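The values are calculated or read from the model by the stated rules, or taken from the named source; none is laboratory data. Note that this is a predicted model, so its numbers are computed, not measured. Every residue, glycine as well, gets a Cβ built from its backbone with ideal geometry; the counts of neighbours run over all protein chains shown. Side chains included, ligands, DNA and RNA excluded: accessible areas come from the protein's heavy atoms. Shrake-Rupley method; radii C 1.70, N 1.55, O 1.52, S 1.80 Å.
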Amino acid sequence: EMLIASSGTIKLTGTILATGGTAITGGSGGAVRLAATTMAGSGGAIDARGGAGGDFFHGCGGVGGAGRVRIEGFTNTAAVTFNGVSPSITTQPTVAALPNTPTLRIASVAGINAPATPRKESANRCN
């Protein structure tokens with residue numbers, strides 16, 4: 001599986017290849033997942049098709065199955081060509097909420113107790 005993730009923009013202008021190989025039978029295409037705040041670019045391509053079947057030892061192997069493509073972005077203006085496979089899903093990212101989220105409390109720093117409620121102090125304070 002190929003995952004490309006960004007907290008900003010993914011600009012796809014080249015080609016992502018996740019094609020299956022060719023042997024006695026064709027290998028299946030790979031999985032491609034792009035996740036970003038914004039998906040942009042033009043002229044890009046994603047190829048996740050299955051590999052061609054071989055013709056070895058007087059037999060004919062089958063073609064590999066297509067891979068999977070998932071694109072997640074709050075904004076998607078990308079003009080992308082999909083070779084051999086349509087996107088399995090194009091959606092907005094979701095938030096994963098964890099039950100019992102852990103917390104962190106700093107009790108002391110260099111042996112000095114930290115206040116229960118931290119406060120901001122000026123860097124230019126006078127002693």
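Being in a loop (DSSP other than H, G, I, E, B) and within 14 Å of Ile71 (Cβ to Cβ) is the filter; apply it to the range 2-19 and report the residue that is modelled with the highest pLDDT.
Within the range 2-19, the first condition is being in a loop (DSSP other than H, G, I, E, B), and the residues that meet it are 12-14, 18-19.
Checking the rest, the ones that are also within 14 Å of Ile71 (Cβ to Cβ) come to 12, 18.
Details: Leu12: 91, Ala18: 88.
If we take residues in the range 2-19 being in a loop (DSSP other than H, G, I, E, B) and within 14 Å of Ile71 (Cβ to Cβ), then Leu12 is modelled with the highest pLDDT.
Give Gly64, Gly54 a once-over and let me know the one that is crowded, with 18+ Cβ neighbours inside 10 Å, small (Gly, Ala, Ser) and at pLDDT below 90.
On the way: Gly54 fails: crowded, with 18+ Cβ neighbours inside 10 Å.
Criteria check complete, one pass: Gly64.
Return yes when Gly73 is assigned to a loop (DSSP other than H, G, I, E, B) and open to solvent by less than 30 Å² (accessible area, probe 1.4 Å) and no when it is not. Explain how you work it out, then say what you get.
Values: assigned to a loop (DSSP other than H, G, I, E, B): no; open to solvent by less than 30 Å² (accessible area, probe 1.4 Å): yes.
Criteria not met by Gly73.
Suppose we keep only residues that are outside any loop (DSSP other than H, G, I, E, B), touching a Gly at 6+ places or on another chain (Cβ under 9 Å) and modelled with pLDDT of 75 or more within the range 80-127. Which one would you say is least open to solvent (accessible area, probe 1.4 Å)? Write out each step before concluding.
Step one: filter the range 80-127 for residues outside any loop (DSSP other than H, G, I, E, B), giving 80-83, 89-91, 108-109, 112-113.
Right, trim to touching a Gly at 6+ places or on another chain (Cβ under 9 Å) and you get 80-81, 90-91.
This time we only want the ones that are modelled with pLDDT of 75 or more, so: 80-81.
Values: Val80: 33, Thr81: 76 Å².
Among those residues, the one meeting the criterion is Val80.
What are the pairs, 6+ residues apart or on separate chains, where a residue within the range 22-41 that is more than 16 Å from Asn83 (Cβ to Cβ) and open to solvent by 30 Å² or more (accessible area, probe 1.4 Å) has its Cβ under 6 Å from a residue that is at pLDDT 85 or above and among the hydrophobic types (A, V, I, L, M, F, W, C)?
Every condition considered, the pairs that remain are Arg33/Leu3; Thr37/Phe74.
Considering only residues that are over 12 Å from Lys11 (Cα atoms), small (Gly, Ala, Ser) and part of a strand (DSSP E or B), which ones fall in the range 42-54?
The answer is none; no residue qualifies.
Search the range 79-94 for residues that are more than 16 Å from Ala5 (Cβ to Cβ) and pair each with any residue that is part of a strand (DSSP E or B) and modelled with pLDDT under 65 when their beta-carbon atoms are under 6 Å apart and the residues are at least 6 apart or on different chains.
none
For the range 20-41, enumerate the residues that are within 8 Å of Ala52 (Cα to Cα), not in a loop (DSSP other than H, G, I, E, B) and not polar (S, T, N, Q).
Hit for the range 20-41 is Gly26, nothing else.
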